[in-house]
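J.: Before we start, here is the structure in question, set down as structure tokens.
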Amino acid sequence: MSGLDKPQSTPDDPNAGAGKVRSRAGRSQPAQAWFGSLGQLDFDVDFFEKVLARSPHSIEVLRILAELVSKKGLLSRAVDLDRRLVDLLPDDFLARYNLACSLARAGRSDEAIDALSRSILLGYDDIDHMETDPDLESIRTHPDFLALLGE
């Protein structure tokens, strides 16, 4: 590096790149101006929706997108994506468990318990997690849920 090449920031600099992005013209601008009002979660959902449009059977993309839309509160979209995963992976207990979680969050108790039951039949056995998973809160006192737990 010549004496004329001065680094913009050091890796330990807490202000390195803080809130700034570089435009194509090389000018810095506030990150908000570049992203607009798009938050990170919105950006991620939009990105993975576009990837899914190109690869509609990608298990990885479906899993990631289902998680993202669930975090965003798009519960019916999460249910749709989890159903697609179950269609692609009918013997995957985790896909069924995640479907149960999405259904429970969407207020579809009977369907959630059915999916959870199938997940257990396929091998899901983390009862401790089921008892504390916030996604299953809406069915926690349901008699069929308690029966699944053996209570």
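Derivation of every value follows stated rules applied to the coordinates shown; laboratory data play no part. All values derive from a computational prediction rather than experimental measurement. Counting neighbours? That spans all protein chains shown, and the Cβs are built from the backbone with ideal geometry, glycine included.
J.: Hey, rough spin-label estimate for residue 47 and residue 59, points 7 angstrom out along Cα→Cβ, what's it come to in nanometres?
T.: According to this spin-label approximation, the distance is 2.3 nm.
J.: Now for a separate question. Put a dot 7 Å past each Cα toward the Cβ at residue 149 and residue 122; how far apart are the dots in nm?
T.: 2.3 nm
J.: Roughly speaking, what is the stretch gain from residue 141 to residue 129, that is 0.36 nm per residue apart minus the C-alpha to C-alpha distance, in nm to one decimal? Walk me through the intermediate numbers first.
T.: Details: separation 12, 0.36 × 12 = 4.32 nm, distance 1.53 nm.
Result for the pair: 2.8 nm of gain on full extension.
J.: Could you rank the peptides 98-111, 40-53 by their average count of other C-beta atoms within 10 Å per residue, with the highest value first? Kindly include the intermediate steps, with their values, before the conclusion.
T.: On the way: 98-111: 20.8, 40-53: 14.1.
Top of the packing list down: 98-111, 40-53.
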